[in-house]
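**Student:** I have a structure here, written as structure tokens, and I will follow up with some questions on it.
The values are calculated or read from the model by the stated rules, or taken from the named source; none is laboratory data. What you are looking at is a predicted structure, and each value in this text was computed from that prediction instead of being measured. Here the Cβ positions follow ideal geometry from the backbone for every residue, glycine too, while neighbour counts run over all protein chains shown. Protein only, heavy atoms only, side chains kept; ligands, DNA and RNA dropped before computing areas. Shrake-Rupley method; radii C 1.70, N 1.55, O 1.52, S 1.80 Å.
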Amino acid sequence: MRIDELAVAGSYLITPRVFGDDRGSFSEWFRQDALTARLGHELRLEQANWSTSRRGVIRGIHYADVPPGQAKYVTCVRGAVLDVVVDLRVGSAMFGRYDTAHLDAESRRAVYLAEGMGHGFCALTDDA
């Protein structure tokens with residue numbers, strides 16, 4: 001699993017290793033120890049959500065007020081989306097800065113966003 005920081009401090013692109021053979025494939029889409037080592041703190045899961053969107057649908061920008069805030073771990077399990085992360089932390093040196101990540105079922109990549117950051121996405125396929 002590779003964890004790379006995006007252009008907005010506090011947001012990361014997680015790229016799992018995908019092992020495939022004639023039966024299909026396997027990957028770890030979340031690894032607490034690897035994420036904790038990269039972030040320097042543990043991601044405590046409080047809520048899990050699922051949405052389905054048609055091609056061209058835009059959802060967001062979603063965030064939780066700070067405090068208490070809410071970190072997010074976003075992935076796309078079917079189809080493809082263009083995810084946008086934006087720094088909404090008032091007083092942050094990166095306030096208003098954003099970056100994008102292409103998430104899809106094939107690459108199985110995910111995005112981690114720190115507390116106070118927002119994200120939205122545009123569905124690139126009809127079954128995202």
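**Student:** Determine which member of the set Arg55, Arg108, Arg59, Arg78 is of a type in the set (Lys, Arg) and in a strand (DSSP E or B).
**Tutor:** Details: Arg55 fails: in a strand (DSSP E or B); Arg108 fails: in a strand (DSSP E or B); Arg78 fails: in a strand (DSSP E or B).
From the options Arg55, Arg108, Arg59, Arg78, the qualifying one is Arg59.
**Student:** Would you call Ser53 closer than 27 Å to Ser25 by Cα and among the small types (Gly, Ala, Ser)?
**Tutor:** Yes: the conditions hold for Ser53.
**Student:** Out of all the residues in the range 22-41, which are closer than 21 Å to Ala105 by Cα and among the hydroxyl-bearing types (Ser, Thr, Tyr)?
**Tutor:** Ser25, Ser27
**Student:** Ok, one more. Are there any pairs, at least 6 apart or on different chains, whose C-beta atoms fall under 6 Å, with the first in the range 31-58 and touching a residue at least 12 places away in the same chain (Cβ under 8 Å) and the second assigned to a loop (DSSP other than H, G, I, E, B) and open to solvent by less than 50 Å² (accessible area, probe 1.4 Å), and if so, which?
**Tutor:** Partner pairs satisfying both residue conditions: Leu35/Leu43; Leu43/Ala71; Ser53/Ala128; Arg55/Thr125.
**Student:** Next up: Taking only the range 71-89 into account, find how many residues are closer than 15 Å to Val111 by Cα and surrounded by fewer than 17 Cβ atoms within 10 Å (Cβ to Cβ).
**Tutor:** 2
**Student:** Let me ask something else. For the list (1) assigned to a loop (DSSP other than H, G, I, E, B); (2) open to solvent by less than 90 Å² (accessible area, probe 1.4 Å), I need the number of the one condition that Gln47 fails.
**Tutor:** (2)
**Student:** Let me ask something additional. Taking the range 1-36 only, how many residues are more than 17 Å from Met117 (Cα to Cα), in a loop (DSSP other than H, G, I, E, B) and either open to solvent by less than 40 Å² (accessible area, probe 1.4 Å) or at pLDDT 95 or above (or both)?
**Tutor:** Adding up the residues that qualify gives 3.
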